[in-house]
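Structure first, commentary second.
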Amino acid sequence: MKPLIVCFSQTGKTKKLCGCMAKSLDADFVELKEIARRGLVGAYTLGVYDAIRRKSGDILPVDSDIAEYETLIVASPVWAGNITPAVNDFIREYDLRGKTVYGFITHAGGAGEAVNLMRQELEQAGAVCPHILDLQATRELIYDVKAERKAFRLTDDGKLELREQDGDTKA
């Protein structure tokens, strides 16, 4: 069965990577959208404050039936070392009990506590979280993924990884 990628992206970088991931993994893809979309100033001020306080954001209902998927990949950019309020809302509002849920974190130079916080949120929601991949979302990385020089894959040993086409990996 296909996995479902659930993504929140403020600037579009995480969304671009998730779109390429969906192609690599032959996965379905859905983007989380907040009811009241934050502009960049709002995201970098009140949004960051909400992320630090681990608050939920108000998201629109997801277009896919989560119950139909056994495996999900939940993607979030890092805001002040935390996952975004929109991703917190998704994890807390949807029934993830017993599902295998991989995390995918993008950042500009450090994941901070986001990896641990995502794992904690997913496990509190009853999900099995075998692995969280965090990547620095540089222009070069996005270019390489879009040009298919690098591709995502789920490994037999339970990891989400980005593999260069020559075989090197970033796990």
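Give 54, 38 a once-over and let me know the one that is in contact with a Gly (Cβ under 8 Å, 6 or more places away or on another chain), over 24 Å from residue 151 (Cβ atoms), assigned to a loop (DSSP other than H, G, I, E, B) and modelled with pLDDT under 80. Quick ask: steps written out before the conclusion?
Working: 54 fails: in contact with a Gly (Cβ under 8 Å, 6 or more places away or on another chain).
Being in contact with a Gly (Cβ under 8 Å, 6 or more places away or on another chain), over 24 Å from residue 151 (Cβ atoms), assigned to a loop (DSSP other than H, G, I, E, B) and modelled with pLDDT under 80 holds for just one of 54, 38, which is 38.
Contact map, segment 8-20: first residue closer than 13 Å to residue 108 by Cβ, second residue in a loop (DSSP other than H, G, I, E, B), Cβ cut-off under 6 Å, separation 6 or more or different chains; pairs are 13/137. In summary, residue 76 fulfils each of the numbered conditions (1) modelled with pLDDT under 95; (2) within 22 Å of residue 137 (Cβ to Cβ); (3) of a type in the set (Ser, Thr, Tyr) with the single exception of condition (1).
The values are calculated or read from the model by the stated rules, or taken from the named source; none is laboratory data. These figures come from a predicted structure and were not determined experimentally. FYI the Cβ positions are ideal-geometry reconstructions off the backbone, even for glycines, and counts take in every protein chain you see.
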